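Every read-out reported here was derived from the displayed coordinates using simple, explicitly stated rules and does not represent laboratory data. Bear in mind the structure is a predicted one, so any value in this text is a computation, not a measurement. Cβ placement follows ideal geometry from the backbone for every residue including glycine, while neighbour counts extend to all protein chains displayed.
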Amino acid sequence: MRYPERGEVWLVDLGMAAKIRPCLVISGRIDDVARAVITLVPHTTSTRGTGFEAAVATHFLKAGAFDAQGLVTVPVNRAIRILGKLTSLQMQSVEVVVCRWLELPSSPIA
């Protein structure tokens, strides 16, 4: 099994209430000693226009946004299949809203 990697969008089973939906992997690479979990930003087509949503246009997703308020960590076996990968600029737009939600600095510290 290939582990999901940062920047990839996977179809993920988030459980009964949250259902199966596309999610962006924002956690780092998993190695042999790490726990087999991934941290995700779910994609939604029901946007609310908050400052915690990042609208990213891709050919593999319906119109919508990644919702930083829905951050979740799940076992990798919940990842069903890869849908695609975001570009660096697309990834940055999601990172900005995640940092805003978590009240983290949005620019790298030197």
(1) part of a loop (DSSP other than H, G, I, E, B); (2) more than 12 Å from the chain's Cα centre (by Cα); (3) closer than 22 Å to Y3 by Cα; (4) not hydrophobic (A, V, I, L, M, F, W, C): which one isn't true of R81, the others all being true? (1)
Tally the residues that are surrounded by fewer than 15 Cβ atoms within 10 Å (Cβ to Cβ) and of a type in the set (A, V, I, L, M), restricting the search to the range 74-95. 2
Need the failing condition index for A68 against (1) of a type outside the set (D, E, K, R); (2) in contact (Cβ under 8 Å) with a residue 40 or more places away in the chain; (3) surrounded by 10 or more Cβ atoms within 10 Å (Cβ to Cβ), just the number. (2)
Tally up the residues in the range 84-101 that are basic (K, R) and more than 11 Å from R6 (Cβ to Cβ), please. 1
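Among the residues in the range 36-53, are any out of contact with any Ser or Thr (no Cβ under 9 Å at 6 or more places or on another chain), among the aromatic types (F, W, Y) and outside any strand (DSSP E or B)? So that I can check it myself, show each step before the final result.
Start the filter on the range 36-53 by keeping residues that are out of contact with any Ser or Thr (no Cβ under 9 Å at 6 or more places or on another chain), which leaves 36, 41-52.
Add one more test, that the residue is among the aromatic types (F, W, Y), and what stays is 52.
Add one more test, that the residue is outside any strand (DSSP E or B), and what stays is 52.
Taking every residue of the range 36-53 in turn, at least one turns out to be out of contact with any Ser or Thr (no Cβ under 9 Å at 6 or more places or on another chain), among the aromatic types (F, W, Y) and outside any strand (DSSP E or B).
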